[in-house]
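J.: My questions will all concern the structure given below.
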Amino acid sequence: MTKITYTPYLKKKFSTDNFGVIQVRRTENRKSTYFTLSESLKEIYWNKKKGEVRSNYKEYERLTNLIKDKIDELKFTDSKVPENYVEKIEKESNEKVSFINFFENQLLYLQSRREIGSYKSHKTSYFHLMSFLKTLDKKDLLFSELTTFLSEILKLI
């Protein structure tokens, strides 16, 4: 299991700047991604060792809560999708598993990862599949029926 860390960070554009933008650094497998809070702060109000806003800053509580909320949001987003998500689905893909449920889970996965373009195109395919199933008076489609189902589609074309 990979460990994911979240660290508040004051990112300056130039090392000579005396201010920076507060960001949260998400590190997974030694790869960092930054999520901005869109809040600027002077360097003298940032505790670099502790990674937090100094308590003598006038908006200390608001910025501290903002950082905490952003970290909680990122943790929630990461916890929604298990690390071995695809492996679990592949193991479960036997005769009793619904392809429609799998498709819906894929849509949730794309939405949680904020892959909007992929989500929209997959959602369109999902609606086409559901409307086609409706014409066949079916509500669900199992993985075991996929080959039979696809051959029926090809016969109709």
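The values are calculated or read from the model by the stated rules, or taken from the named source; none is laboratory data. Please read all numbers here as calculations on a predicted model, not as lab measurements. All Cβ positions, glycine included, derive from the backbone under ideal geometry; neighbour counts span all protein chains shown. Each accessible area value is taken on the protein alone, full model and side chains, heavy atoms only, with ligands, DNA and RNA left out. Shrake-Rupley method; radii C 1.70, N 1.55, O 1.52, S 1.80 Å.
J.: So for the stretch 16-28 (the condition being open to solvent by 90 Å² or more (accessible area, probe 1.4 Å), closer than 30 Å to ARG114 by Cβ, free of Cβ contacts under 8 Å to residues at least 24 places away in the same chain and not aliphatic (A, V, I, L, M)), does at least one residue qualify?
T.: Keep residues of the stretch 16-28 that are open to solvent by 90 Å² or more (accessible area, probe 1.4 Å), which gives 16, 18-19.
After this cut, where a residue has to be closer than 30 Å to ARG114 by Cβ as well, the list is 19.
Checking the rest, the ones that are also free of Cβ contacts under 8 Å to residues at least 24 places away in the same chain come to none.
No, that holds for no residue.
J.: Only residues that are exposed (fewer than 14 other Cβ atoms within 10 Å of the Cβ), touching a residue at least 12 places away in the same chain (Cβ under 8 Å) and not in a loop (DSSP other than H, G, I, E, B): list them for the stretch 136-148, please.
T.: Of everything in the stretch 136-148, just one residue is exposed (fewer than 14 other Cβ atoms within 10 Å of the Cβ), touching a residue at least 12 places away in the same chain (Cβ under 8 Å) and not in a loop (DSSP other than H, G, I, E, B), namely LEU146.
Residue by residue, here is whether (1) at pLDDT below 60; (2) open to solvent by 50 Å² or more (accessible area, probe 1.4 Å); (3) closer than 26 Å to THR27 by Cβ; (4) of a type outside the set (Gly, Ala, Ser) holds:
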| site | (1), (2), (3), (4) |
| --- | --- |
| TYR60 | no, yes, yes, yes |
| THR77 | no, no, yes, yes |
| LYS80 | no, yes, yes, yes |
| GLU83 | yes, yes, yes, yes |
| GLU92 | yes, yes, no, yes |
| GLU104 | no, yes, no, yes |
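J.: Considering only the stretch 29-46, state which residues are of a type in the set (D, E, K, R), under 19 Å from ILE71 (Cβ atoms) and open to solvent by less than 90 Å² (accessible area, probe 1.4 Å).
T.: GLU39
J.: Checking the structure you have, find out if any residue of the stretch 115-135 is open to solvent by less than 100 Å² (accessible area, probe 1.4 Å), within 30 Å of TYR34 (Cβ to Cβ) and at pLDDT below 80.
T.: yes
J.: To continue, here is another question. Of LYS49, LYS11, LYS3, which residue is without any contact (Cβ under 8 Å) to a residue 12 or more places away in the chain and exposed (fewer than 13 other Cβ atoms within 10 Å of the Cβ)?
T.: The match here is LYS49.
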